[in-house]
Amino acid sequence: MIKAAVAAFSVLAWLMPLHAETLLARGDYLVNTVMACGNCHTPKDASGQPIMNRSFSGGLTFDTPAFKVTAPNITPDRETGIGDWSADEIKTALTTGVSQNGRHLMVMPAYFYKALTPFDLNAIVTYIRSVPPVRNAVPTPDYRASIPPQEPYPDAAKSYTDADMKNPVEHGRYLATIGHCMECHTTFERGTLQFSKGLGRGGRIFALPGVKGPPTPENGVVTPNITSSKTAGIGDWSDVEIARAITQGIAKDGHHFRPPMAVKWYAKMRESDVRDIIAWLRTVPPLD
């Protein structure tokens, strides 16, 4: 009798889905924490704080010599959002950066989102379709010049397995990839990210809210080096110090990070996920 019960339990355990979370719960978690979708797609007030009752209805405007685009409305509103998009069209936009109408989504970090597992991709679509529709038409993109080909992100090219998700470093690599951390913290030259020679080195300049004109080191934000370098990066930071930087936006020396660091979203990440990201960060080759 006992052997039969053990055998039956083993079969049930084998049949149980790997993901204990529902698609909706998983999508909610990813979108509102590590992926920080609202950091771009939610409008912000004059102080840079997200206007939460208009979440995902269109947000930041990126004005560069090559293009001027506003992060689009991704709520289910059928006229101004993506309410009439199919699930496959949303997935295509996420993983290839091509919208329903065939237009290239200039600032969409699709070259990172290519790493999304099928479950997580379905979860994101399920969650985005569940948020309240908000009517808000954003300006039509203005493309002023051709954009240089983007160098592929190496960690987005692999397929992440169930075994990877149980390995702290590989799970951290996955989370950091879909969180597109290296979109900001990689050397940026001639309109492209230099993953092959500047991964994690930082130095990219972003504009602060309310500042007009091209960002400079004086009027903008310069992203820091997050490689394992002990002199220029975070190699001599403790795990506690790195976790505080991610979830509270406070550096080792006590200064507070400014946008676009998505601290408001990262603060809600699970401690275990933060630990795994730190485990992966320890493996990023040092660059000075």
Excluding the sites themselves, what is the longest stretch of the chain that contains no GluC sites (Glu not before Pro) in a DSSP loop with at most 12 other C-beta atoms within 10 Å?
80-217
Starting from 0.36 nm per residue, how many nanometres of slack lie between S272 and K252 once their C-alpha separation is accounted for?
5.1 nm
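From the convex hull of the Cα coordinates of the range 168-209, what is the mean projected area in square nanometres?
Result: a mean projected hull area of 3.8 nm².
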Percentage relative contact order, the range 20-147, counting C-alpha pairs under 8 Å, at least six apart
31
For the range 154-236, build the charge dipole from Cβ charges (+1 Lys, Arg; -1 Asp, Glu) around the Cα centre, then report which of T187, L199, G233 sits farthest towards its positive end.
T187
Please report, in whole Å, how far the alpha carbons of the range 20-147 spread along each principal axis, starting with the longest.
46, 31, 27
Computed FRET value (nearest 0.05) for T283 with M106, which takes r as the C-beta separation and R₀ as 22 Å:
0.10
If you build a Gaussian network model of the chain, linking Cα atoms that sit under 10 Å apart, which residue out of N167, N136, N39 swings the most?
N167
Just tell me which lysines come within less than 28 Å, Cα to Cα, of K158; anything on the same chain fewer than 8 places away is out.
K91, K114, K166, K197, K268
The simple spin-label model distance between D88 and R144, using points 7 Å out along Cα→Cβ, in nm, is 3.8
Pair M165, E79: separation of 7 Å Cα→Cβ label points (nm)
4.0
For q = 0.10 Å⁻¹, Debye-computed log10 I/I(0) when each Cα of the chain counts as one equal scatterer
-0.56
Between S196 and E218, what FRET efficiency comes out of the Förster formula 1/(1 + (r/R0)^6) with R0 = 30 Å and r the beta carbon distance, rounded to 0.05?
0.55
Can you tell me, using C-alpha contacts under 8 Å and at least 6 residues apart, the relative contact order of the chain as a whole percent?
16
How large is the Rg to Rh ratio of the range 149-288 when both quantities use alpha carbon positions and Rh follows Kirkwood?
0.96
For the chain, what are the DSSP H helices with axial Cα length of 18 Å or more and mean Kyte-Doolittle hydropathy of at least 0.0?
2-15
Loop-resident sites, the range 153-200, for trypsin sites (Lys or Arg not before Pro), counting at most 14 other Cβ within 10 Å (DSSP):
K158, R190
How much length, in nm to one decimal, is gained on full extension between K68 and D236, taken as 0.36 nm per residue of separation minus their Cα-Cα distance?
56.6 nm
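Every number in this text was worked out from the coordinates using simple rules, so none of it is lab data. It should be emphasised that the depicted structure is a prediction, and the values quoted were computed from it without experimental measurement. Cβ atoms come from the backbone with ideal geometry, glycine included; neighbour counts cover every protein chain shown.
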